[in-house]
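Participant: I am attaching a structure below and will ask some questions about it afterwards.
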Amino acid sequence: MELNFWHEKWDKNEIGFHLDGPHPWFVRAVKDLNITVGQTVFVPLCGKTHDIDFLLRQGCQVVANELSELAVKALFERLELIPNVSNGLEGLIYQTPSLTVFVGDFFKLTSDELSSVYKTPVQWIYDRAALVALPTGMRKQYAASLTQLCPQAKQVLMTLDYDQNLMSGPPFSVDQEEVQQHYAAAYGVKVMHQQDIIEKEPRFKQRGLSAFNQRLYCLTPQAI
(Lines give C-alpha, C1' and ligand atoms only; values in the text may rest on other atoms or scores of the structure.)
Protein backbone atom coordinates (compact mmCIF):
# COMPACT_ATOMS: atom_id res chain seq x y z
CA MET A 1 0.00 0.00 0.00
CA GLU A 2 1.55 3.29 -1.13
CA LEU A 3 1.48 6.39 1.06
CA ASN A 4 -0.30 8.21 -1.78
CA PHE A 5 -3.32 5.96 -1.19
CA TRP A 6 -4.03 7.66 2.14
CA HIS A 7 -3.13 11.13 0.89
CA GLU A 8 -5.75 10.66 -1.84
CA LYS A 9 -8.33 9.47 0.69
CA TRP A 10 -7.91 12.66 2.68
CA ASP A 11 -7.74 14.86 -0.42
CA LYS A 12 -11.07 13.40 -1.61
CA ASN A 13 -12.57 13.35 1.91
CA GLU A 14 -13.13 9.59 1.61
CA ILE A 15 -12.83 9.01 5.34
CA GLY A 16 -15.63 6.61 6.27
CA PHE A 17 -13.44 5.36 9.12
CA HIS A 18 -13.76 8.73 10.88
CA LEU A 19 -16.31 8.91 13.72
CA ASP A 20 -18.14 12.07 14.81
CA GLY A 21 -17.26 11.50 18.46
CA PRO A 22 -14.99 9.39 20.67
CA HIS A 23 -15.51 5.66 20.29
CA PRO A 24 -18.11 4.61 22.92
CA TRP A 25 -16.28 1.36 23.72
CA PHE A 26 -13.14 3.32 24.56
CA VAL A 27 -15.06 5.85 26.64
CA ARG A 28 -16.59 3.03 28.71
CA ALA A 29 -13.27 1.18 29.05
CA VAL A 30 -11.09 4.05 30.25
CA LYS A 31 -12.10 3.69 33.91
CA ASP A 32 -11.42 -0.05 33.95
CA LEU A 33 -8.13 0.46 32.13
CA ASN A 34 -7.05 3.07 34.70
CA ILE A 35 -5.85 5.60 32.15
CA THR A 36 -5.31 8.58 34.44
CA VAL A 37 -4.46 12.27 34.58
CA GLY A 38 -0.92 13.09 33.51
CA GLN A 39 -0.26 9.85 31.66
CA THR A 40 1.14 9.97 28.12
CA VAL A 41 -0.87 8.22 25.40
CA PHE A 42 0.46 7.53 21.90
CA VAL A 43 -2.12 7.43 19.09
CA PRO A 44 -0.62 6.06 15.84
CA LEU A 45 -2.23 6.84 12.47
CA CYS A 46 -4.58 9.17 14.33
CA GLY A 47 -6.37 10.99 11.52
CA LYS A 48 -8.49 13.68 13.14
CA THR A 49 -10.04 11.33 15.68
CA HIS A 50 -12.30 12.67 18.43
CA ASP A 51 -10.69 10.12 20.74
CA ILE A 52 -7.86 12.63 21.14
CA ASP A 53 -10.35 15.25 22.37
CA PHE A 54 -11.60 12.70 24.91
CA LEU A 55 -8.09 11.85 26.12
CA LEU A 56 -7.25 15.52 26.57
CA ARG A 57 -10.42 15.99 28.62
CA GLN A 58 -9.22 13.14 30.86
CA GLY A 59 -6.08 15.14 31.57
CA CYS A 60 -3.77 12.95 29.49
CA GLN A 61 -0.83 14.14 27.42
CA VAL A 62 -1.20 12.91 23.86
CA VAL A 63 1.50 12.26 21.30
CA ALA A 64 0.29 11.07 17.91
CA ASN A 65 1.31 10.35 14.36
CA GLU A 66 -0.55 11.00 11.12
CA LEU A 67 0.55 10.87 7.49
CA SER A 68 -1.85 13.55 6.23
CA GLU A 69 -1.17 17.15 7.18
CA LEU A 70 -4.76 17.94 6.10
CA ALA A 71 -6.03 15.69 8.89
CA VAL A 72 -3.65 17.21 11.44
CA LYS A 73 -4.70 20.76 10.57
CA ALA A 74 -8.37 19.74 10.87
CA LEU A 75 -7.69 18.17 14.28
CA PHE A 76 -6.10 21.30 15.75
CA GLU A 77 -8.75 23.56 14.21
CA ARG A 78 -11.54 21.52 15.78
CA LEU A 79 -9.79 21.60 19.14
CA GLU A 80 -9.27 25.36 18.73
CA LEU A 81 -5.59 24.94 19.47
CA ILE A 82 -2.86 26.97 17.81
CA PRO A 83 0.17 24.69 17.51
CA ASN A 84 3.82 25.50 17.20
CA VAL A 85 4.92 23.94 13.89
CA SER A 86 8.53 22.84 13.57
CA ASN A 87 10.68 20.52 11.49
CA GLY A 88 11.33 17.04 12.84
CA LEU A 89 13.71 14.36 11.60
CA GLU A 90 11.33 13.16 8.86
CA GLY A 91 8.50 15.71 8.75
CA LEU A 92 6.64 18.47 10.54
CA ILE A 93 5.76 18.45 14.22
CA TYR A 94 2.57 20.17 15.41
CA GLN A 95 2.84 20.86 19.12
CA THR A 96 0.96 22.38 22.04
CA PRO A 97 1.62 21.78 25.75
CA SER A 98 -0.68 18.74 25.87
CA LEU A 99 -0.84 17.51 22.26
CA THR A 100 1.98 16.72 19.84
CA VAL A 101 1.47 15.23 16.39
CA PHE A 102 4.30 13.97 14.19
CA VAL A 103 3.29 14.42 10.55
CA GLY A 104 4.71 11.75 8.26
CA ASP A 105 5.44 8.08 7.84
CA PHE A 106 4.85 6.06 11.02
CA PHE A 107 7.69 3.69 10.13
CA LYS A 108 10.22 6.54 10.32
CA LEU A 109 9.37 7.53 13.90
CA THR A 110 11.97 6.82 16.58
CA SER A 111 11.59 5.99 20.26
CA ASP A 112 13.83 8.95 21.12
CA GLU A 113 11.44 11.33 19.35
CA LEU A 114 8.43 9.99 21.23
CA SER A 115 10.05 9.94 24.66
CA SER A 116 11.52 13.43 24.25
CA VAL A 117 8.14 15.11 23.80
CA TYR A 118 7.04 15.04 27.45
CA LYS A 119 10.33 13.81 28.97
CA THR A 120 8.61 10.61 30.06
CA PRO A 121 8.04 7.22 28.44
CA VAL A 122 4.73 6.57 26.69
CA GLN A 123 2.47 4.69 29.14
CA TRP A 124 -0.40 3.81 26.82
CA ILE A 125 -0.92 3.20 23.10
CA TYR A 126 -4.39 3.64 21.65
CA ASP A 127 -4.93 1.90 18.31
CA ARG A 128 -8.50 2.16 17.11
CA ALA A 129 -8.00 2.09 13.36
CA ALA A 130 -4.27 1.73 12.66
CA LEU A 131 -3.63 -2.02 12.53
CA VAL A 132 -6.81 -2.63 10.52
CA ALA A 133 -5.82 0.11 8.06
CA LEU A 134 -2.76 -1.84 6.94
CA PRO A 135 -2.58 -4.78 4.50
CA THR A 136 -1.26 -8.17 5.59
CA GLY A 137 2.36 -7.55 4.63
CA MET A 138 2.60 -4.36 6.67
CA ARG A 139 0.79 -5.42 9.85
CA LYS A 140 3.64 -7.58 11.16
CA GLN A 141 6.10 -4.74 10.58
CA TYR A 142 3.74 -2.25 12.21
CA ALA A 143 3.23 -4.36 15.35
CA ALA A 144 6.97 -4.94 15.73
CA SER A 145 7.72 -1.24 15.24
CA LEU A 146 5.09 -0.23 17.79
CA THR A 147 6.52 -2.64 20.35
CA GLN A 148 10.00 -1.27 19.76
CA LEU A 149 8.86 2.37 19.96
CA CYS A 150 7.03 1.97 23.27
CA PRO A 151 8.25 -1.25 24.92
CA GLN A 152 6.78 -0.53 28.35
CA ALA A 153 3.42 0.85 27.20
CA LYS A 154 0.14 -0.97 27.58
CA GLN A 155 -2.02 -1.00 24.47
CA VAL A 156 -5.70 -0.55 23.78
CA LEU A 157 -6.31 -2.22 20.43
CA MET A 158 -9.52 -2.34 18.39
CA THR A 159 -9.92 -4.76 15.48
CA LEU A 160 -12.48 -5.87 12.91
CA ASP A 161 -12.96 -9.49 11.89
CA TYR A 162 -14.98 -10.47 8.81
CA ASP A 163 -14.85 -12.66 5.70
CA GLN A 164 -12.10 -11.00 3.67
CA ASN A 165 -13.22 -12.99 0.61
CA LEU A 166 -16.43 -10.94 0.51
CA MET A 167 -14.86 -7.51 0.86
CA SER A 168 -11.41 -6.10 0.33
CA GLY A 169 -10.05 -3.61 2.84
CA PRO A 170 -9.33 -1.20 4.26
CA PRO A 171 -10.46 -1.68 6.94
CA PHE A 172 -8.84 -5.11 6.80
CA SER A 173 -9.93 -8.16 8.75
CA VAL A 174 -7.72 -9.04 11.72
CA ASP A 175 -8.89 -12.08 13.69
CA GLN A 176 -7.89 -13.19 17.18
CA GLU A 177 -5.30 -15.63 15.88
CA GLU A 178 -3.50 -12.88 14.01
CA VAL A 179 -3.50 -10.60 17.06
CA GLN A 180 -1.86 -13.42 19.02
CA GLN A 181 0.72 -13.89 16.26
CA HIS A 182 1.71 -10.23 16.34
CA TYR A 183 1.62 -9.55 20.06
CA ALA A 184 1.57 -12.67 22.28
CA ALA A 185 5.37 -12.96 22.45
CA ALA A 186 5.65 -9.55 24.12
CA TYR A 187 2.22 -8.97 25.70
CA GLY A 188 -0.51 -10.56 27.69
CA VAL A 189 -3.52 -10.34 25.38
CA LYS A 190 -7.01 -9.87 26.84
CA VAL A 191 -10.29 -9.38 24.96
CA MET A 192 -12.24 -6.76 26.91
CA HIS A 193 -15.31 -6.58 24.67
CA GLN A 194 -16.53 -8.04 21.39
CA GLN A 195 -19.68 -7.71 19.33
CA ASP A 196 -21.02 -8.38 15.85
CA ILE A 197 -21.83 -4.84 14.69
CA ILE A 198 -23.04 -5.60 11.15
CA GLU A 199 -26.52 -4.20 11.85
CA LYS A 200 -24.91 -0.89 12.81
CA GLU A 201 -22.80 -0.81 9.64
CA PRO A 202 -25.22 -0.85 6.67
CA ARG A 203 -22.54 0.18 4.18
CA PHE A 204 -20.63 -3.02 4.92
CA LYS A 205 -23.81 -5.11 4.92
CA GLN A 206 -24.56 -3.75 1.45
CA ARG A 207 -21.17 -5.05 0.32
CA GLY A 208 -22.20 -8.60 1.14
CA LEU A 209 -21.05 -9.11 4.72
CA SER A 210 -23.27 -11.09 7.08
CA ALA A 211 -21.00 -10.58 10.11
CA PHE A 212 -18.67 -7.76 11.15
CA ASN A 213 -17.06 -8.57 14.48
CA GLN A 214 -15.38 -5.82 16.45
CA ARG A 215 -13.06 -6.55 19.38
CA LEU A 216 -11.43 -4.38 22.01
CA TYR A 217 -8.19 -5.73 23.48
CA CYS A 218 -5.94 -4.68 26.31
CA LEU A 219 -2.31 -5.68 25.76
CA THR A 220 -0.02 -5.67 28.77
CA PRO A 221 3.78 -5.99 28.33
CA GLN A 222 5.03 -9.28 29.76
CA ALA A 223 7.59 -7.43 31.88
CA ILE A 224 4.85 -5.56 33.78
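The values are calculated or read from the model by the stated rules, or taken from the named source; none is laboratory data. What you see is a predicted model; the values in this text were computed from it and never measured. Every residue, glycine as well, gets a Cβ built from its backbone with ideal geometry; the counts of neighbours run over all protein chains shown. All accessible areas refer to the heavy atoms of the entire protein, side chains included, with ligands and DNA or RNA removed. Shrake-Rupley method; radii C 1.70, N 1.55, O 1.52, S 1.80 Å.
Participant: Taking the Cβ-Cβ separation of Thr220 and Ile82 as r and a Förster radius of 30 Å, what is the calculated FRET efficiency to the nearest 0.05? Mind showing how you got there, number by number?
Facilitator: Working: r = 37 Å, r/R0 = 1.23.
With R0 = 30 Å, the Cβ-Cβ based efficiency is 0.25.
Participant: Packing-wise, with mean Cβ within 10 Å as the measure, how do 182-189, 152-159 rank, highest first? Kindly include the intermediate steps, with their values, before the conclusion.
Facilitator: Details: 182-189: 17.1, 152-159: 21.6.
Highest-to-lowest ranking by the protection proxy: 152-159, 182-189.
Participant: A further question follows. Go through 110-117, 168-175, 200-207, 61-68 and give me the packing order, highest mean Cβ count within 10 Å leading.
Facilitator: Output ranking for 110-117, 168-175, 200-207, 61-68: 61-68, 168-175, 110-117, 200-207.
Participant: To continue, here is another question. Hey, what's region 143-202 come to in accessible area per residue, 1.4 Å probe, Å²? Before the final figure, lay out each step's value.
Facilitator: Values: 2970 Å² over 60 residues.
Heavy-atom SASA per residue in region 143-202 reads 50 Å².
Participant: Report the far tail of the P(r) of region 28-157, meaning the percent of Cα-Cα pairs longer than 23 Å. Please list the in-between numbers first.
Facilitator: Details: 2122 of 8385 pairs.
Here the tail beyond 23 Å accounts for 25 percent of pairs.
Participant: Using Stokes-Einstein with the Kirkwood hydrodynamic radius over Cα pairs, what translational diffusion coefficient do you get for region 60-115 at 4 °C and a viscosity of 1.567 mPa s, in µm²/s rounded to a whole number?
Facilitator: Numbers: Rh = 11.3 Å.
This corresponds to a translational diffusion coefficient of 114 µm²/s.
Participant: For region 75-224, state what percent of all Cα-Cα pairs lands in each successive 10 Å bin, counting from 0 Å until the bin that includes the largest distance.
Facilitator: Each 10 Å bin holds this share of Cα pairs: 10, 34, 31, 21, 3.
Participant: Rounded to the nearest 5, what % of DSSP beta bridges with both residues in the chain are antiparallel? Display every interim value, and only then the final one.
Facilitator: On the way: 23 of 38 bridges.
If we restrict to bridges inside the chain, about 60 percent are antiparallel.
Participant: Beyond a 26 Å Cα-Cα separation, which of these cross-linked pairs lie in this structure: Lys48/Lys200; Lys140/Lys200; Lys73/Lys190; Lys119/Lys154; Lys154/Lys200; Lys140/Lys205?
Facilitator: Pairs exceeding the cut-off: Lys140/Lys200; Lys73/Lys190; Lys154/Lys200; Lys140/Lys205.
Participant: In region 95-144, which trypsin sites (Lys or Arg not before Pro) are in a loop and have at most 11 other Cβ atoms within 10 Å, using DSSP for the loop call? Each step should come with its number before you reach the end.
Facilitator: On the way: sites: Lys108, Lys119, Arg128, Arg139, Lys140; in loops: Lys119, Arg128.
In loop regions of region 95-144 (DSSP not H, G, I, E or B), the sparsely surrounded trypsin sites (Lys or Arg not before Pro) are Lys119.
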